[in-house]
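Written out below as structure tokens is the structure these notes cover.
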Amino acid sequence: MQTVLIANRGAVAARVQRTLHKMGLRSVVVYSEADRDLPYVAQADQAYCIGPSPAAQSYLNEAALFDAMRRSGADAVHPGYGFLSENAGFASRVEAAGLTFIGPSPRWIDAMGHKTRARDLMAQHGMPMCRSSGIIGDDPTAIRAAGAEVGYPVLVKPAGGGGGIGMIAAHDGDELVEAVGRARALAQRSFGNGDVYLEQLFARPRHIEFQVLGDRHGNVQHLLERDCSVQRRHQKVIEEACAPGLTAGEADEVADRVARLLGKLGYDVIGTVEMLRSADGSYSFLEMNTRLQVEHAVTEAITGLDLVEAQIRLAAGESLRDVLPTPVRASGHAIELRIYAEDPVRFFPSPGTLQTFRLPSGSGIRIETGYAEGNAVSPYYDPMIAKLVIHASDRLAAIETAEQALSATKIEGVKTNIPLLQRMLAFPPWRVGDLHTGLVQDLLASGEAKNDLAPVPRIP
């Protein structure tokens, strides 16, 4: 492996490029017309325009991507996250063209990519599950019957997608029939697959996930856990590692179980098992993401590992023993804050030009972004413009550094969710580690986030 094409954009393209250069590998960047001026494009060893701004005509345009592979002489492809990263057909076609796909084997992407099939597979091997349905059809009577069997409230979820898109709650039969129709349309439009299913909707659960690495020799190792409970519209906003407030050994027990199961199955390269933790401390499998996660940086911060490098080496056939020569242990606490170009209360995207884009620096502060001052934030893609990753000796120190870093961040030309992030850092339930997936709604309902110009109070 000498030349790697990054089939993605933005922060993850810049992130992968950094590790490629560290490893002495050549980077090939692809970009749409909207992204031609982003800084990582100029920093690449080779760069190719692959089409107009809409993703369907560029980052999802496989013909253009394969043309760039051929022209660049790439011998490997890193898919980043989103776009084609969990497309088993794309991964298979990359391998058929003689290139290395830097991700799990296509069979695992396929097995885990369809949520109901993944749930069936994991349930067969003893993974705890919440109540759920199979794929839901169009008949209103059957839809109501499925809802009654799972038990209200329920969550309608796309079977072939992720990222919170198309997830809609329903509390009775009439609401469910309408929600299934909306969710199916969203799923078809977003993922090209309109299959949806029902899942038990928990009250105030925590979202806990387990990072794993695996080689192609039957070995799987977990890299501890992350808490991703702070979400808006089922999309993550703040992540932490390790998960605060869990009893001693609780997360390790679940993580060990996950690693043993995946090792038995022969899972490889990289993945994340996402679970819900109920108020009684029980865990239920949600899904498995067969790619690098947006929030991988908090795991890197507490372990000292480079997950992109590990992913590359494992995809190239190295053993887990060589990639992880020493036991994985947590050091300190890490928090990731996702900075979005969006209204901080209504969450509407806010495209525009970054007239001012000054991000903090200093001990314990890491920035991941694909943008620079003067760049345009396009309406065509996800509105995340930066990730602020904090690492400190403990959670309180990490919170204090995060508050200082947000105060030092200056962004003008677009609205951002920084006021919401500041409010959350000051919100007493979050500060004491009382985490659950409805925390953003609690913050908004409390009135703490309604005036985005008011100074943020200091909470001891």
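Report note on the peptides 270-278, 242-250, 8-16: ranked by the mean count of other C-beta atoms within 10 Å, highest first, their order is 8-16, 270-278, 242-250.
The packing ranking of peptides 227-238, 20-31, 181-192, highest mean first, is 227-238, 20-31, 181-192, where packing means the average number of other beta carbon atoms within 10 angstrom of each residue. Its Cα centre serving as origin, the chain has a Cβ charge dipole (Lys and Arg +1, Asp and Glu -1) of approximately 440 debye. Residues LEU292, LEU155, ranked from the fewest to the most other C-beta atoms within 10 Å, line up as LEU155, LEU292. The residue list ILE102, VAL258, LEU224 was ranked by how far each Cα lies along the charge dipole of the chain toward its positive end, using unit charges on Cβ atoms, and ILE102 comes out on top.
Structure shown: which of LYS387/LYS410; LYS22/LYS410; LYS22/LYS236 lie over 21 Å apart, alpha-carbon to alpha-carbon? With Cα atoms farther than 21 Å apart: LYS22/LYS410; LYS22/LYS236.
By DSSP, the beta bridges lying fully in the chain are antiparallel in about 80 percent of cases. Taken about its Cα centre, segment 3-102 carries a charge dipole of about 240 debye when Lys and Arg each add +1 at the Cβ and Asp and Glu each add -1 at the Cβ. For the pair segment 298-355 / segment 1-55, the C-alpha centres are spaced 18 Å from each other. Shape class for segment 1-77, computed from the alpha carbon gyration tensor (a ≥ b ≥ c): oblate, with a/c not under 1.5 and a/b at or below b/c. Here the 3J(HN,Hα) profile of segment 326-342, calculated from phi with Karplus coefficients 6.51, -1.76 and 1.60 at θ = phi - 60°, is 10, x, 8, 10, 8, 10, x, 9, 10, 10, 10, 10, 8, 9, 10, 7, 7 Hz, Gly and Pro shown as x. Quick note on segment 46-117: its Rg to Rh ratio, both from C-alpha atoms and Rh being the Kirkwood radius, is 0.98. Rounded, prolate or oblate: pick one for segment 226-307, where a ≥ b ≥ c are the square roots of the eigenvalues of its C-alpha gyration tensor, a/c under 1.5 means rounded, and failing that, prolate if a/b is larger than b/c, else oblate. Cα axes put segment 226-307 in the rounded bin. Inverting the pair-averaged 1/r between distinct Cα atoms of segment 206-446 gives 18.6 Å as its Kirkwood hydrodynamic radius. When a/c reaches 1.5 or more, the comparison of a/b and b/c decides; with that in mind, is the chain rounded, prolate or oblate per its Cα gyration tensor? Judged from the Cα gyration tensor, the chain comes out rounded (a/c under 1.5). Suppose the Debye formula is applied to equal point scatterers at every Cα of segment 131-200; what is log10 I(q)/I(0) at q = 0.13, 0.16, 0.26, 0.27 Å⁻¹? Once normalised to I(0) and log-transformed, intensities are -0.27, -0.42, -1.11, -1.19. Basic side chains Lys and Arg get +1 at the Cβ, acidic Asp and Glu get -1 at the Cβ, and with that the dipole of segment 131-200 about its Cα centre reaches some 260 debye. With contributions of -39500 (n - 2.57) from each DSSP H run of at least four residues, the per-residue ellipticity at 222 nm computed over the chain stands at -10000 deg cm²/dmol. Cross-link partners of LYS264 among lysines, defined as those whose alpha carbon lies under 22 angstrom from its own and excluding same-chain residues fewer than eight positions apart: LYS115.
Placing pseudo-labels 7 Å out from each Cα toward the beta carbon at THR353 and GLU253 gives an inter-label distance of 5.8 nm.
Among GLU412, GLU336, the ranking by other beta carbons within 10 Å of each residue's beta carbon, starting with the fewest, stands as GLU412, GLU336. Structural descriptor for the chain: relative contact order 14 percent, calculated from alpha carbon pairs under 8 angstrom and at least 6 residues apart. Counting beta carbons within 10 Å around each of HIS217, HIS78, HIS222 and listing the fewest first gives the order HIS217, HIS222, HIS78.
Length available on full extension from GLN441 to ASP322: 0.36 nm per residue minus the Cα-Cα distance, which gives 38.4 nm.
Projecting the alpha carbon convex hull of segment 71-211 along each direction and taking the average yields 9.9 nm².
Laboratory data are not the source of any read-out in this text; all were calculated from the coordinates shown. Just so we're clear, the structure is a prediction, and the values are computed from it rather than from any experiment. Every residue, glycine as well, gets a Cβ built from its backbone with ideal geometry; the counts of neighbours run over all protein chains shown.
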